[in-house]
Amino acid sequence: MIEPRPEKLFLYGTLRGDGDQNSLLVGCRRLGETTVSGIVYDLGPYPALSGQRKADGEVWECPCETLASLDTYEGVAYGSDSLTRVVL
């Protein structure tokens, strides 16, 4: 049986290594810091990323089974239309 490959995630909020919720990154490993196009907005309990400027964050590699628990934390159903995943 072929094991699913880990996914790389860009994290810019509470899931970052120094964030309040980094304990949710079960089985994940930090690959480093990076910058992507976008602006991080403070929407209260959760940040949002949008726009054309630069946003600092971290790249983590996580097992596929961790993605479902991260989606639950983010308040979206896995595969939901309200979820946007962008391959960078």
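The values are calculated or read from the model by the stated rules, or taken from the named source; none is laboratory data. No experiment lies behind these values; they were computed from the predicted model shown. Heads up, the Cβs are rebuilt from the backbone with ideal geometry, glycines too, and the neighbour counts pull from every protein chain shown.
Summed over segment 41-54, the residues that are within 13 Å of the chain's Cα centre (by Cα) and part of a strand (DSSP E or B) give a count of 3. Against the conditions (1) among the basic types (Lys, Arg); (2) modelled with pLDDT of 85 or more; (3) not in a loop (DSSP other than H, G, I, E, B), ARG16 satisfies every one except (3). Put simply, of GLY79, GLY44, GLY38, GLY51 the only residue that is surrounded by 13 or more Cβ atoms within 10 Å (Cβ to Cβ) and modelled with pLDDT under 80 is GLY38.
Whenever a residue of segment 24-39 is in contact (Cβ under 8 Å) with a residue 40 or more places away in the chain, its partners that are assigned to a strand (DSSP E or B), lying with C-beta atoms within less than 7 angstrom and at least six residues away or across chains, give the pairs LEU25/TRP60; LEU25/CYS62; VAL36/PHE10; VAL36/ALA55; VAL36/GLY57. The set of residues in segment 1-35 that are of a type in the set (A, V, I, L, M, F, W, C), surrounded by 16 or more Cβ atoms within 10 Å (Cβ to Cβ) and closer than 11 Å to VAL59 by Cβ comprises LEU9, PHE10, LEU11, CYS28.
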